[in-house]
1. Being among the small types (Gly, Ala, Ser) and modelled with pLDDT of 75 or more is true for just one of B:Gly111, B:Gly84. Which residue is that?
2. Which of the residues spanning the range B:73-94 are in a helix (DSSP H, G or I), within 12 Å of chain A (Cβ to nearest Cβ) and either touching a residue at least 24 places away in the same chain (Cβ under 8 Å) or touching a Ser or Thr at 6+ places or on another chain (Cβ under 7 Å) (or both)?
3. Does A:Leu190 satisfy being in contact (Cβ under 8 Å) with a residue 40 or more places away in the chain and either among the small types (Gly, Ala, Ser) or facing chain B (nearest Cβ under 10 Å) (or both)?
4. For B:Thr102, are the conditions met, namely being more than 12 Å from chain A (Cβ to nearest Cβ), among the β-branched types (Val, Ile, Thr) and within 17 Å of the chain's Cα centre (by Cα)?
5. Quick one: A:Val172 ticks every box in (1) assigned to a helix (DSSP H, G or I); (2) facing chain B (nearest Cβ under 7 Å); (3) within 18 Å of B:Ile15 (Cα to Cα) bar one, so which box is it?
6. Hey, among the residues in the range A:95-124 that are in a helix (DSSP H, G or I) and at the interface with chain B (Cβ under 7 Å from one of its Cβ atoms), which one's surrounded by the fewest Cβ atoms within 10 Å (Cβ to Cβ)?
Amino acid sequence: MKGDQKRRSRPNVRSELLFLLAINGVLIGNVKPAVIFALVLFSGLLLCLFCRISTAAKYVLTYCLMFSAEHLLMLLPGISLFHFIIVISSVLRKFIPCFMVGCLILETTTPGNFLASMQRLHMPKVFSLPFAVVLRFFPTVKEDWHSIRSAMKLRGIGLSFGNVIAHPLRTVEYIIVPLLSSSIKIGDELSAAAIARGLGMERDRTSVYDVRFCIWDHLLMLAAAVFFVLITFV
Amino acid sequence: MEKKMKLEVKDLMTIGIFATIYIVVKIIVGFVGVIPILCVILPMITAVVCAPIYMLFVTKAEKFGMITLLAAVVGAVMMIAGYGWLTLVVSFVCGLLADVMTNIGNKRSFGKILAGYCIFSQWGVAMLAPVWMQGDAYFKDLSETMGKEFSDSFRAMTPPWVIPVLIAGIAVAAVIGGFFGRKIMKKHFERSGII
């Protein structure tokens, strides 16, 4: 985030989104395992460079585990439940690169940078503003959820398997009601802050973020093109 | 009451906030889907659990377009989180239809909101659809290597009628969720004056 103000050391959210769309659209079809593995490694590299190494390692390990588990299950005699698990796992496995790039976008994009980038794309504010709120608000709600959970545990109505099965609707009520009432209050404050920052203006805002394309963006777009061709034609 | 049509910053903020809560709760529910068989009924569980959020949102969203935008933002986040572009398209269409359903006529009623929620919840189908669409492609590839036995058992597991059954199941779950949501609204939010 510091790099956004000084020299740019990471790609802009627009090229990350383009990369995601390029691989996302074609993964539905039949893809060679080697290509997917290359994609996983490349996304892992992106996560290492611009996010956290531990996150990258987690995803790459998950992929390898699923891949080997599938092939072990295939060796076993054909029980239809195994076949079902193999198919589900092979479909989910394909989407792991998307999860990785998505994680990169959601964890490293700041709301201000996102709004500035979307303004450059001439994206209408009715779409970009709610999305920026999601980026800004997500960690807050996650934090709320953890405190609600510990408060519930303190009163002996923790989220144990037995409790959820015995009183499903009551458990939901205990989680949702505090989550909603605290969020609504924060929401009012957020919109006051947004108006103070001039988000209600009709004209374009200026921004301190440098959202011009840099060398990383060109590299990422090249990679997107390469993978698009690889997935579609190999 | 005269309806203002133009969306203001405050409305967009409301959409963002409710979308966030919806997504977080959806992720929490998603942990149930780790068990392979349960992931099929995940959209139904989501429809019940997220109903209070939607109900509260609808009372705050008095303008046309807000439900559409909520669905679009949720769909976009799900797409970025890796669920495929189909999710965004389907959720946008579901949101638009739900919006029309809720705002049709002069006055909203619980029935209209409930019908709208049934449509809104259908976007969950899009998240499971790739399993079937891809399953076919995968199955073609595998029938050569794994033989006919595999293909038969896979076909038995994923008959084509699963999708309509899923849609009906989500609708039923959404109705249950709608009544549950209304109960919670009356019990907590109307009494404390949050609405």
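1. Result: B:Gly111 is the single residue among B:Gly111, B:Gly84 that is among the small types (Gly, Ala, Ser) and modelled with pLDDT of 75 or more.
2. Let us first name the residues in the range B:73-94 that are in a helix (DSSP H, G or I), namely B:73-83, B:85-94.
Of the ones still in play, those that are also within 12 Å of chain A (Cβ to nearest Cβ) are B:73-83, B:85-89, B:92.
Matches in the range B:73-94: B:Val73, B:Val74, B:Gly75, B:Val77, B:Met78, B:Met79, B:Tyr83, B:Leu86, B:Thr87, B:Val89, B:Phe92.
3. Criteria met by A:Leu190.
4. It is true that B:Thr102 is more than 12 Å from chain A (Cβ to nearest Cβ), among the β-branched types (Val, Ile, Thr) and within 17 Å of the chain's Cα centre (by Cα).
5. Answer for A:Val172: the failing condition is (3).
6. Applying the filter and picking the extreme gives A:Leu106.
Matching residues to (1) of a type outside the set (A, V, I, L, M, F, W, C); (2) in contact with a Gly (Cβ under 8 Å, 6 or more places away or on another chain):
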| residue | (1), (2) |
| --- | --- |
| A:Asn24 | yes, yes |
| A:Leu27 | no, yes |
| A:Lys32 | yes, no |
| A:Leu45 | no, no |
| A:Ala56 | no, yes |
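Yes/no per residue for (1) among the aliphatic types (A, V, I, L, M); (2) within 24 Å of B:His188 (Cβ to Cβ); (3) at pLDDT 80 or above; (4) surrounded by 12 or more Cβ atoms within 10 Å (Cβ to Cβ):
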| position | (1), (2), (3), (4) |
| --- | --- |
| A:Arg155 | no, yes, yes, no |
| A:Gly162 | no, no, no, no |
| A:Ile175 | yes, yes, yes, yes |
| A:Leu179 | yes, yes, yes, yes |
| A:Ser182 | no, yes, yes, yes |
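The values are calculated or read from the model by the stated rules, or taken from the named source; none is laboratory data. All values reported here derive from a predicted model rather than from experimental measurement. Quick reminder, even Gly has a Cβ in these numbers, built from the backbone with ideal geometry, and neighbours come from all protein chains shown.
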